[in-house]
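Chemist: Just dropping this structure here.
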Amino acid sequence: MSVSGTTPSLISKLPARLTNFFARYPPQIYSSLARPEVPETAAAEATTPTAAGEESEGLPSPYTPNRDAKGHKPADPKAFSPSRALLYSDPKHPNPFLPKKNFRTGKWVSPRFGLRQQADLVKLAIRYNVEELLPPGRKSTEFKQTRREECGLRIKGTGIGQKVKGHKWERTMEARLEDRRKAMMEMPEMIRAWKQRGHGRGWKKWPKR
């Protein structure tokens, strides 16, 4: 749906909440369709694989006992992000779904509509198939899909260089398996020494349960 394709008959069929919203924030100015397009160069740089992603194939198991590995570095807040590029706000017409900065005081002003109000408006707009006429925000379907494709499943400890704490038996499993392997390798020598010393006479190397 284009911004110019919105007719008075369509707006008249909308509920009062959406009608009042569009009357105060016209889609010709505030909708996501009026947002400038993202430069192709910036989008291409954001989608190119990094060296860290190429080296992630040969990483060890997340349950390794080595705890010297440090956590991954946080992303640069000034770097290009496809999801962040969707949250556009015109300086002349501030987006009511996004916070704005007061350059005189240096403080941020909260958005006109909170996240819960945004979610209600988006659900209502989806029901009447006019979501594209709303301003871009964090509760929009396009932002959520782009964010999910960009970040994936953000589970703590599963990133590059991170470790999952896990249970104690999981953290000590590899060490216990290594001790068990060494004991099995030394078992023939232990049996030979047991028989040589008279089946336990003066034997001090009793196995522990």
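Nothing in this text is a laboratory measurement; each read-out follows from the coordinates by a stated rule. The structure displayed is predicted, hence computed values, not measured ones. Cβ atoms come from the backbone with ideal geometry, glycine included; neighbour counts cover every protein chain shown.
Chemist: Taking a threshold of 18 Å on the Cα-Cα distance, which of the pairs K182/K205; K100/K144; K144/K165 fall above it? Don't skip to the end; give the middle numbers.
Modeler: Details: K182/K205 15 Å; K100/K144 21 Å; K144/K165 29 Å.
Cα-Cα > 18 Å for K100/K144; K144/K165; rest within.
Chemist: Now for a different question. Mind giving me the FRET efficiency for Y128 and V164? R0 is 35 Å, r the Cβ-Cβ distance, nearest 0.05 is fine.
Modeler: Efficiency at R0 = 35 Å is approximately 0.20.
Chemist: How much length is gained if the chain between Q145 and R180 is pulled fully straight, taking 0.36 nm per residue apart and subtracting their Cα-Cα distance, in nm to one decimal?
Modeler: 7.8 nm
Chemist: What is the set of long-range amide H partners of K100 at a cut-off below 5 Å, with H atoms built 1.01 Å from backbone N?
Modeler: Long-range HN contacts for K100: V109.
Chemist: Which order do peptides 129-139, 114-124, 163-173, 192-202 fall in by mean Cβ count within 10 Å, highest first?
Modeler: Top of the packing list down: 129-139, 114-124, 163-173, 192-202.
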